[in-house]
Structures are given as C-alpha cells and as structure tokens.
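See structure below.
Taken together, the values in this text are just the output of simple stated rules run on the coordinates, not laboratory data. Predicted model only: the values in this text are computed from it and were never measured. Ideal geometry is used to build each Cβ from the backbone, glycine not excepted, and the neighbour counts take in all protein chains shown.
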Protein chains: 4
Amino acid sequence: MEETARVISDGDEVLLYVNEKKSWIVKVEKEKKFHTHRGIVDLGQAIGQPYGIELMTTMGAAMRVLPADYLDHLERIMRKTQVIYPKDTALITMLANIKSGSRVVECGTGSGALTSYMATHVSPSGKIFTYEIREDFQANAKKNLEKLKLSEYVEFKLKDIMTGIDEKEVDAVVLDMATPWQVVGIAYNALRFGGRIVSFSPTINQVEKTVEELRKSGYVNVKALELIMRTYKVKLNETRPDMVMVGHTGYIVSARRC
Amino acid sequence: MEETARVISDGDEVLLYVNEKKSWIVKVEKEKKFHTHRGIVDLGQAIGQPYGIELMTTMGAAMRVLPADYLDHLERIMRKTQVIYPKDTALITMLANIKSGSRVVECGTGSGALTSYMATHVSPSGKIFTYEIREDFQANAKKNLEKLKLSEYVEFKLKDIMTGIDEKEVDAVVLDMATPWQVVGIAYNALRFGGRIVSFSPTINQVEKTVEELRKSGYVNVKALELIMRTYKVKLNETRPDMVMVGHTGYIVSARRC
Amino acid sequence: MEETARVISDGDEVLLYVNEKKSWIVKVEKEKKFHTHRGIVDLGQAIGQPYGIELMTTMGAAMRVLPADYLDHLERIMRKTQVIYPKDTALITMLANIKSGSRVVECGTGSGALTSYMATHVSPSGKIFTYEIREDFQANAKKNLEKLKLSEYVEFKLKDIMTGIDEKEVDAVVLDMATPWQVVGIAYNALRFGGRIVSFSPTINQVEKTVEELRKSGYVNVKALELIMRTYKVKLNETRPDMVMVGHTGYIVSARRC
Amino acid sequence: MEETARVISDGDEVLLYVNEKKSWIVKVEKEKKFHTHRGIVDLGQAIGQPYGIELMTTMGAAMRVLPADYLDHLERIMRKTQVIYPKDTALITMLANIKSGSRVVECGTGSGALTSYMATHVSPSGKIFTYEIREDFQANAKKNLEKLKLSEYVEFKLKDIMTGIDEKEVDAVVLDMATPWQVVGIAYNALRFGGRIVSFSPTINQVEKTVEELRKSGYVNVKALELIMRTYKVKLNETRPDMVMVGHTGYIVSARRC
C-alpha cells in the first residue's frame, strides 16, 4: 500500500497490467516467474527498476508494472465474491453518512470488501463493528483487511446479530444479509438518534419486507433504490454502450432512526 | 454538525421533517416563526426539548425536529445546483481512490458539494485543492464548506486550471468542467505515478474527446460509464419502480497515470 | 385516415404541428377558430390548401398542417389514459405473435389503444374479441375505434372475463387487468395449442403471481421482462439522454399454451 | 406455418422444446435422428402423434414437440445475425406506422428478419421494397422469407440505395445501414407527404449525424431513443432482474416527411 514509492522492491505487491480487461496483482520476488497465457514473466528482474517499466514475457508480450493500490485490491476481492459491487459500496457508504470518526455496525462481514471501504472512511478515529456467523468468512475477511492495512479500524465479531448488537449509540448500521427485516428492530436500539440504516439485498421481496418493517419500527425517510451501471465502448465516431452488461446487483434500502 | 446532541438548543440548525419528499433545514431561534404552506411553526418552542419531538403548525400539521447531519446539508446543496448527484459523487470519490490523507486537485469548485464529500474522506490529514474561475461560485462554495465545518481540509484557488496546476505528486485529479480533455495533459504532470483522474460530463461528446485524449497522453485503464439510479415505490403487494425518474445526470470517465 | 390526400378538405382531422413537444389533432371546418396560448388560428382558411402549409396565429406563431395518421391518434389516446405506452403495445403485439388473420382475446378494453394496434395487425381477416366490465370504458373505446376506422376488426364484449371466455381456439390472449393470474386457467381453455398469452402489469407482485400460475397451469416458455425507453436530446457536440424520463410503465409476462 | 394443425406430419418443422433457454426447430422425417448433448431423439416416431407429446432421448431426457410458429422462426433468424432484436423490430414497425396495405422501402435487407416482421404487417395488400448490395445477404434473406411464407409481400432489390429509390409516394422508409444520414435526402423524395422514416444504428455518432441531416432536410417530429430490455428471474419470494443482460442493441431515430 506504499503507493508513492517509485522503485520496485523485493516483496512489493504490484499490478501487472496488460489492458483494461486483463491485469494481475502479484508479489515481486527474486527469481520468481509468473505464468500467463501470453507467456512467462520474470518478476525478479523488476526489482530495483522504476514503477512504470514494461516487462516482456517469453512470448514477447509487454506487461507494465504499476503500484497496486487500495482500489486494485478492492476490485479483486469483489470479483472473487461477486456479491457486492463498487458502485453499491460507494453509495451505501454515502447513504449511511459514514465519515472520519463514525462508529458503524455491519452485518455480515462476508469477504470484508464493504468493511474495508467503510474502514477507509471512518479512519483514523472511527470503528467498524462487523458481525459474522461463519468462521471461515471471518477468517478470510481478516486476512483481506490485514493486507489492506485497515485492521485497526475494524472489530470482528463472530456472533449472530439476531441475538443482539453489543454497541450503543452507533452512527450507522449497514446490512448485507439474507433477512435484513429481522434486524430492523435490533438496529433501532443500537443506533443513536438520527443515525442511518442501510441495507443491500438482491431480491425485490427482501426490499418489500425490509421497507415494511422499517416503517412499522419508527424509522423515517425510508427509501428504496437501485443503481444500474452502464459501461461504454468509446472510440472516435463509434461510441456506444457495451453490449453485455451486469443487469442487476441488488437493491439498496435506507432509512433514519427517529 | 453536532449530530449526537439530544436536546435542541438556541441556534441549532435542525431538519424539520414532514415526509420523504418534504423537509427543511432551519435555524432554531427564540420567537422565530417558520412559514410553510401547511401553516406556521413556532421554532422557539423547540428550544430545550429533546430531538425527535413533533411541532404542530397553526394549521394542525405535525413536523418532526431531527438533527440536520452532513447528508441533509449535502442533499440541499446539490438540489440547488442540480449538476452533480449523490450517486455520482460517491462513485467519483471511490474511482479517484480518495481516502484519509489523500491530496486531491479538483476543478471546478462549483457549489462545493463534491468538494465537501471528498473533504470528509481525506480528513483529517489530506487536502482538496479546488480550482475555480468564477469568484461568485467560489464565495458560495466557501460558505457551504464552512457551514459543513470542512474548510480546513480545502484550499480554494481562484485560478484557471488551464494555466497550470500548482501542486505536484497529487493522488487524484477530479474534473467537473466543460472541457475536461484540455486538462488531461496538465493533470498528468500534477499526478503522482499511479494516481487517478476522474471526470464527470453531461454529454457523450465530452466523453469521447476526453477518452481519446487520455489514451494519447499515457494514461492506462481508461474507462467510461454512467450510473442510472432507479427509485422504487414500495408497498406490500404493490411494489414497482417510480414512474418519473431522473433519466440522466452525466457520464464518468476514469483513468490512471502511468 | 385518408393519409395520402394532398389537399385539405372541410371536415378533415388534421395535425396542427408546432414542434416535437406541441401539436394538436383538430377538425378543419369553415370559419372555425382554434385557440392556443400562442394565439388564435383560423382553421377555415386551410380548406383547399395543400397539406404542409403553415397557418399563422393572431400572435404571429407558425403552425404546420399535417395529415393526422393512425400513430398521431394512437399517441393521443394513450397520453390521455397514461396506462399503456407505445413501446409496450408494440412488443406485446409481437410477443402474442399477432398478425394478419389472428383471432385474439383481450381483457380489458380500457381506452381501446392496445385494441386498436392489435386490430391494425389482424386486419383484414382476423378479429379482436375484447372484454370489459365497465360500460363507460367500452363506450369510449368504441368511439376511439370508430374514429380510427378499425371497428370492423373488433368485437366488443361487456362481460367479466372471470365468468369465462366464449371464444375457442384463439391464437392469443392479451391481458391488461389488475388480476391477470386469475385468468390464466380460463385462457388456457380458450387458446389453441401453441397459442400465446401476454400480460401487462405495473407491479412486480402481479408478475410474481402470474408467472407462478402460468407454470402451474401447463404453459411453457414463461418469460418476464420490462422495456425501458430512453429518449435523447441530440445536438451536434452536445448529445445526451433526456434528464427527465418515464422510469417505469409496466412489466410484460409471456408464455405459450402447451 | 400451419399453426393450428393438431397432428404431427412427415415434413413438419417443429419446435423441440426443453426449457426457456433451450429449444430447436427441426424437420420431422421418417427415421430421422436428432443428436443433442442430452441424447438422441428419434424424430420419426413423432409422426402421427398429437402436438404436445414428449419424446424421450436415448439419455432419458424429455423433449416436447410444439408447432414452430412465426415467432420461433424469427427469434432464430435474429439470434444468428445478432444485429437487430425483437424489441427494436416491434417498435420500428410501430414508429414507421406500418400496417395492412402500407408500401415500405427498407435498406438493407440483411438477414430479412426485420423485413419479415414488416411483411406480416403490410400483408395482404401492402409491399416491402427491400434494398441490399450484398448478393449473399439477399440470397439468405430470400430463403428466410420463403420459409416464413412471406415472399409475396416483399420485392427484393439488389441495388445501392445511394443511387436512388425507384419507388414513389411510399408510406415509410426504414433504414438499418451504416450511413443512414446519407439516405435522408433520397428518402425524402420517395416518401409521400406525412410519411415516416425510421433508422436503427448501434452508435451514438450515427444518431447525431442522422438527426442533424433530418432537421436540415425538411423533416419534422425528429426523435431519438433507445429501448433497454430487462428480463427477470421470477420465483416466489426470490424475484429479481437477471444478472447478465444485453446492455445495448442500438438507437432508433424517427421523423416525418413534411
């Protein structure tokens, strides 16, 4: 995460960049070879070189060495789990009004992707309290947060949120779980007055149940929405949206404790 | 911005909430009356009461007093200028990889809405350097940032960015201006290696020119996209998307300096 | 509907065209004045003139006289009722596999807009049997179909479709009603083998119930979809989607009797 | 196309239906075997059986025999060429105001899919005059139209439309070609007064040029739009849009000769 270093060092995690569609995060080590379908790259030869150089594969393909930053790591974590997308992560963080110093309860932890993004925004003085019932998920998320150097802003809890939220007067509750409507009442008691709750769900039926429950439970400003991201193929005089598109990720519900 | 206070004090800026569509931010003052089409509210009577109470208007309408938080203020600033929307602000901030400590160049300042959101994320150790050529826009933005208590994270510059960027080795350049393609080269020199550039434009022609220029100027990972936000009318057994929708706000182009 | 006439005659229904957003269908009559907010037009003076001429209002605004064709009438009928839109009408007609000679059951008739479009496609040898329970709706639809000169292809039935469909071996059943799932079984018995059923509904809950019922009732190829129409503001170097958009009209469910 | 026959005959083209995603059109012939990855089906055994029966493959999979209707054939033709989609075909036909008796000029013919849909709607008294410069495309389209029994409503022309349109006073001109803006003037002379022109193009730049040219050439009611089709995965309590979606097919421009 030392993003401003100019020289590639032994042990650096770098981004090996071919084009917009193809790149890898790899660790540079002496004598390490990286195998791709475009040939083999000798990563060791990058040591001591400036970032930005191009390595040639055994098949003659050029690969550029860039510093791997937070966003590169985040995109990779998300791609593996395929549940939550960057666009949703960004808006959820905004709708939960998360900023430096915020104290936030999250459930579930999952891969830790959303956790990590919220952690960058509560740092350095805030905290994410993240609940998860699956030990393997938590272990993986912990590893991801460590790699991203964000662990100190996160408290991992191996606990079923249905049995209660330990924290009081938190600024926000963020839910990415199968039955968010069951947590609406519990969240109410954990939230400070005026605090925000945001939930992410793939089906419209979850939205319906969650919205109904929020209205019954004394929340105000209850909203439901979804973000559709359209990517473009831009070329002089031939610009058009991409033909294949992610048509749906999930719905976002937000409300405010009153 | 004292969001956790429980008792309404003289001088507080509060959110007077009627429903999801209707609410105002008003300053509570002794003997102050607030006029609405639902009757007149005596704001002074809220002083000393707990947040969450309902005030009755002279016409018998109930209005709840909530603490006005950052998001309430941001939504109001954006509603007035109608250029950039929350959804875009959130994703631009993510795609520019802005986080605690980041140094970011923005152009133009406009109303300061995007400035303020980025400021919450670079705080407490980072800085937004925001360029604007119109003095009245800058004055208004300064006022908005002061109200949001975010001024210390922002350096306002009354300067045409076409004449050069003063800062060096910045982490990101964020453009919300009519001719972003003209700044692509200037931004390249200001960005640190691996830094991000993100541009927001309403027309597809601006996107085409900007993408072309980015490709020519040594950037990698050039992407163009747009976010479409669909809001829902949720009601048990009668759920559907809203009939009227904001069909377009603008396109986002992002790339990375190499 | 004499679309190819070149000279405007007394009694012609013409399209008075100002621009893409503003036009009216009016009947040309001797000495008739038409009042608009852009001034008064003397429609009588158009008689004997060629189509395409411009009339001037008393306030000096130009209005072009065009022949009012089927599409002009259809758009006006739809604009008044605001339930079904042209885009949906066109796709429903396709998905129901309606063509010259088809025998089609429709419920309900509503304004007759969808009826009329299907009627143009079954003509001259097919027929639309359209069920409606509200006498006022049927009366209005009859008037609309007469104006469009399509009545001979339509049999209007003032009958609750829940009590049964009189026709047998029809090619398609098209539903635009509140509880389409209740008609799925009745439609099965009216459809010929391989015939198509298409239903249009505003809420996702109606879709869920209808799809479930279709699957239980021996239909195959059950599909649910929606069409989102995005209009563009096209201007050299300033092209973008329109800012305000119809975000939702309704969902279309289609299936095939097996 | 004998859609109402109840008994499967030797030589029938039938739809072999597995599920919504998988089906084939095959010709039933004595002793003919059809090979699929789910095993081999003996098509001959269907002869004399009623439509709707299930055939079992050698691997024990059930396949239903349905009559292949016009829509089945159309979907297959379109799937192969992947240029124009049903949703666009349906709306283009509506916006061109095509109905029984219409005389329509089309360019280019392509696979004949759009030609065939318009042909079903102009029949029995109208005609499609379809221009194509590639002999192989025309030969294929002719074959498709014959199979669909629609040839009598189509006049195929192997001619570059840039050299002129032979027909006069046509009701509509429909363009699905790379440079529609170059035909706008030629189309004007071929159209009857009040006639419609509709163009389909994949890129926004084509739209911009075509709209500009239409405005310059004396057309009115110039509109540009696109249709986005969203399909749904409907399941009780788990309903959501499909994750993968066709994000773009093309833009539709329409106008009227004045």
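How many lysine pairs are close in the stretch A:1-87, with Cα atoms under 19 Å apart and the two 8 or more places apart or on different chains?
On the way: A:LYS21/A:LYS80; A:LYS21/A:LYS87; A:LYS22/A:LYS33; A:LYS22/A:LYS80; A:LYS27/A:LYS80.
Lysine pairs satisfying the spacing and distance rule in the stretch A:1-87 number 5.
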> What residue among C:GLU13, C:GLU238, C:GLU106 has the largest mean-square fluctuation in a Gaussian network model of chain C, using Cα springs under 10 Å?
Replying inline: C:GLU238
>> Going Cα to Cα from A:LYS127, which lysines come in below 16 Å? Please leave out same-chain ones fewer than 8 positions away.
In response: A:LYS99, A:LYS142, A:LYS149, A:LYS157, A:LYS168, B:LYS99
>> If you filter the stretch A:122-185 for GluC sites (Glu not before Pro), then keep DSSP loop positions with at most 13 other Cβ within 10 Å, what is left?
In response: A:GLU169
>> Give me the one-decimal nm value for the distance between modelled label points at C:ARG134 and D:ASP10, 7 Å along each residue's Cα-to-Cβ direction.
In response: 5.8
> Roughly what would the spin-label model give for A:LEU236 and D:VAL18, points 7 Å off Cα along C-beta, in nm?
Replying inline: 4.7
> Check D:GLN49: other-chain or 5+ apart residues with amide H under 5 Å from its amide H, H built from backbone geometry?
Replying inline: D:ILE8
> Averaged over B:246-254, how many beta carbons belonging to a partner chain fall within 10 Å of each residue's beta carbon?
Replying inline: 5
> Can you name the residue in chain D whose Cβ lies closest to the D-to-A rotation axis, and give that gap in whole Å?
Replying inline: D:MET245, 3
> Hey, if you drop one equal point scatterer on each alpha-carbon of chain C and run the Debye formula without solvent, what base-10 log of I(q)/I(0) do you get at q = 0.07 Å⁻¹?
Replying inline: -0.31
>> Whole angstrom only: what separates the Cα centroid of the stretch A:189-239 from the Cα centroid of the stretch A:169-184?
In response: 12
> Please report, for the Cα atoms of the stretch A:172-258, the Rg to one decimal and the Dmax as a whole number; what are they, in angstrom?
Replying inline: 17.0, 57
>> What does the copy distance list look like for B:GLU54, label position 7 Å along Cα→Cβ, in nm and ordered from shortest?
In response: 5.9, 5.9, 6.9
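Dipole magnitude of the stretch B:13-68 about its Cα centre, charges +1 at Lys/Arg Cβ and -1 at Asp/Glu Cβ only, in debye to the nearest 20? Each step should come with its number before you reach the end.
Working: 8 positive and 6 negative charges, 29 e Å.
Dipole magnitude for the stretch B:13-68 comes out near 140 debye.
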>> Counting only other residues whose beta carbon sits under 11 Å from that of B:SER123, what net charge do I get with K and R as +1, D and E as -1?
In response: +3
> With a sphere of radius 13 Å drawn around the Cβ of A:ILE161, what net charge do the other residues whose Cβ falls strictly inside it have (Lys, Arg +1; Asp, Glu -1)?
Replying inline: -3
> Which value, in debye to the nearest 20, describes the size of the charge dipole of the protein assembly as shown about its Cα centre when Lys and Arg Cβ atoms bear +1, Asp and Glu Cβ atoms bear -1, and nothing else is charged?
Replying inline: 0
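Using a 10 Å cut-off around each Cβ of peptide C:89-102, what is the average number of partner chain Cβ atoms that fall inside? Mind showing how you got there, number by number?
Working: counts 3, 10, 9, 1, 4, 12, 4, 1, 7, 4, 10, 10, 3, 2.
The shielding value for this peptide is 6.
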> Going through the stretch A:1-77, which trypsin sites (Lys or Arg not before Pro) have at most 14 other Cβ atoms within 10 Å and a DSSP loop state?
Replying inline: A:ARG6, A:LYS21, A:LYS30
>> List, shortest first and in nm to one decimal, how far the label point of C:ASP242 (7 Å from Cα along Cα→Cβ) is from its counterparts in the other copies.
In response: 1.7, 2.8, 2.8
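At a threshold of 8 angstrom on Cα-Cα distance, excluding pairs fewer than six apart, so keeping six or more, what relative contact order does chain B reach in percent?
Details: 514 pairs, mean separation 34.9, N = 258.
Reported as a whole number, the value is 14 percent.
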> Over the stretch A:95-200, one equal point on each Cα, no solvent: what is log10 I(q)/I(0) by the Debye formula at q = 0.11, 0.20, 0.23, 0.24 Å⁻¹?
Replying inline: -0.28, -0.96, -1.27, -1.38
> What is the Cα coordinate range of the stretch B:63-151 on the first, second and third principal axes, sorted by size from largest, in whole angstrom?
Replying inline: 42, 28, 22
>> Kirkwood Rh and Cα-based Rg: tell me the resulting Rg over Rh for the stretch C:2-117, rounded to two decimals.
In response: 1.07
> Can you list, shortest first and in nm, the gaps between the label point of C:GLU167 and those of its counterparts in the other copies, using a point 7 Å from Cα in the C-beta direction?
Replying inline: 3.0, 6.2, 6.9
> Remind me, relative contact order of the stretch D:64-176 in percent, using alpha carbon pairs under 8 angstrom and six or more residues apart?
Replying inline: 30
> Most mobile of B:PRO202, B:PRO86, B:PRO50 per a Gaussian network model of chain B (Cα springs, under 10 Å)?
Replying inline: B:PRO50
>> Going by Cα centres, the stretch C:1-60 and the stretch D:83-117 are how many Å apart?
In response: 31
>> With Kirkwood's inverse mean 1/r over C-alpha pairs for Rh, give me the Rg to Rh ratio of the stretch B:13-68, two decimals please.
In response: 0.91
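At 222 nm, what value in deg cm²/dmol follows for chain C if DSSP H runs of at least 4 each add -39500 (n - 2.57) and the sum is divided by all its residues, to the nearest 500?
On the way: 6 runs with 65 residues, N = 258.
For chain C, the value works out to -7500 deg cm²/dmol.
When you have a sec, figure out the Kirkwood radius of the protein assembly as shown from all distinct Cα pair distances and drop it here in Å to one decimal? Walk me through the numbers on the way to the answer.
Numbers: mean 1/r = 0.0313 Å⁻¹.
Computed over the protein assembly as shown, the radius equals 32.0 Å.
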